[in-house]
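Asks: For reference, the structure I am asking about is given below.
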Amino acid sequence: MNDVDTRTLAASRAHGLVPAAPPIQPIPRWHFAMMNDHRRTHALRVAFAAAGLAGRRVLEIGTGAGLMATLLVEAGAREVWTCEADPALAAFARDAIRRLGLADRVHVVCGMSSDLALEDLGGERFDVVAGEIVDCGFFGEGILPSFADARERFLAPGGRLLPARVRLVGALLESPHVHALNHIGPTLPEAFRAFDMFSTRGHFPLRANAHPHAFLCDPKELLAVDLERAPPRSLRAEATATPSRAGLAHGVLFWFDAPFGGEVGISNDPRTTPTHWHQAVCLFPTPLPVRAGVPVPLSIRVAGTRVTILPEAPGADAGCALDAACDIDATSDDRRPS
């Protein structure tokens with residue numbers, strides 16, 4: 001056992017907790033920011049109360065430490081089965097739920113939902129499948145394929161998904177400073193410009209208000225997805241952004257809005273109180289000059305765990321351009337950051 005494991009086990013024992021299996025390595029640090037995000041917790045509590053969960057049998061995907069499972073029970077769920085792929089987190093969640101006296105209503109299974117059979121989850125289909133497996137761009141933790149699989153194998157006829165839908169909202173971004181986070185600038189010798197081959201393709205996290213930037217248009221809905229009917233792996237859409245002034249568009253800054261009950265849900269809108277989520281940004285390979293009032297067509301693709309937004313060049317095959325961008329690296333290099 002290494003030093004980190006020893007400290008973790010000692011801290012658990014100090015709180016009366018002895019995980020079934022000591023963690024081999026620390027969990028991603030964003031878990032702390034997520035659990036301490038009181039705005040998120042409050043939003044989920046209010047949303048679940050409005051979702052009509054009383055007497056329902058619920059499957060939660062990705063429980064982490066078990067907090068969301070307890071909120072589902074608090075909202076009236078009769079029984080919650082929840083899965084967690086990380087063995088250390090699953091062990092912690094199981095112990096925490098036992099200490100809260102909820103072990104008769106919350107059952108923690110270690111594993112990815114896609115690797116589990118219905119028999120592993122009590123053998124009965126669920127009234128509700130819930131999951132807050134989202135990153136700054138919403139899709140980066142695999143909610144699209146996870147929900148599609150759960151819809152088919154675990155959800156009862158007439159059952160519901162939480163969230164059932166999501167909107168991506170964003171605007172054209174002008175910021176040489178942000179563009180330099182993912183591209184080599186013109187001040188370096190030409191020989192180094194090829195370093196752009198290592199640029200992140202697709203979205204990555206950005207705390208927007210921490211960087212100098214300006215919007216070239218008003219934020220608008222870029223994509224609306226019905227998760228109860230969405231395909232399992234990829235989505236394509238087109239949107240148009242109309243600049244309100246001339247400038248140089250370096251990419252698109254965007255965020256999500258996903259209701260879990262009624263109209264209450266989670267969001268990482270930078271215009272509201274900050275949450276543990278950053279915003280998401282897709283940067284264009286080459287900055288795009290824009291003019292006031294001249295629409296900029298945008299091609300949007302969600303491929304597995306990545307969102308890619310590129311300007312649609314006149315006469316170009318936007319689909320091929322998106323496919324090329326997505327094929328360079330298969331997954332986003334960042335997950336829900338703290």
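The values are calculated or read from the model by the stated rules, or taken from the named source; none is laboratory data. None of the values given here were measured: they were computed from a predicted structure. Please note: Cβ atoms are built from the backbone with ideal geometry, for glycine as well, and neighbour counts cover all protein chains shown. With ligands, DNA and RNA removed, areas are computed over all heavy atoms of the protein, side chains included. Shrake-Rupley method; radii C 1.70, N 1.55, O 1.52, S 1.80 Å.
Asks: Suppose R0 equals 35 Å. What FRET efficiency, 1/(1 + (r/R0)^6) with r the Cβ-Cβ distance, do Lys220 and Leu118 give to the nearest 0.05?
Replies: E(calc), rounded to 0.05, equals 0.25.
Asks: Report relative contact order for the stretch 226-298 in percent, whole number only (criteria: Cα-Cα under 8 Å, sequence separation at least 6).
Replies: Across the stretch 226-298, relative contact order equals 46 percent.
Asks: Moving on to the next point. Can you bin the stretch 26-84 into rounded, prolate or oblate? Criterion: square roots of the alpha carbon gyration tensor eigenvalues sorted a ≥ b ≥ c, rounded for a/c under 1.5, prolate for a/b above b/c, oblate for the rest.
Replies: Oblate, because a/c is 1.5 or more while a/b does not exceed b/c.
Asks: Would you work out if the stretch 11-163 is rounded, prolate or oblate? Take a ≥ b ≥ c from the square roots of the eigenvalues of the alpha-carbon gyration tensor; rounded if a/c is under 1.5, else prolate when a/b is larger than b/c, oblate otherwise. Walk me through the intermediate numbers first.
Replies: Details: a/c = 1.36, a/b = 1.35, b/c = 1.01.
Rounded.
Asks: For Arg39 paired with Ala180, estimate the spin-label separation in nm (one decimal), with each label point 7 Å from Cα along the Cα-to-Cβ line.
Replies: 2.9 nm
Asks: What do you reckon, how do Cys110, Cys83 stack up by accessible area (1.4 Å probe), largest on top?
Replies: The residues order as Cys110, Cys83, largest area first.
Asks: Under a point-charge model restricted to the Cβ atoms of Lys and Arg (+1) and Asp and Glu (-1), what is the dipole moment magnitude of the stretch 120-255 relative to its Cα centre, in debye to the nearest 20?
Replies: On the way: 14 positive and 16 negative charges, 50 e Å.
Computed charge dipole of the stretch 120-255: roughly 240 debye.
Asks: In what sequence, largest accessible area first, do Arg201, Arg271 appear using a 1.4 Å probe?
Replies: Arg271, Arg201
Asks: Please work out whether the stretch 190-324 counts as rounded, prolate or oblate from its C-alpha gyration tensor, where a ≥ b ≥ c are the square roots of the eigenvalues and a/c under 1.5 means rounded, while otherwise a/b larger than b/c means prolate and anything else oblate? Could the numbers behind the result be given before it?
Replies: Values: a/c = 1.44, a/b = 1.27, b/c = 1.13.
Rounded, because the longest to shortest axis ratio a/c is under 1.5.
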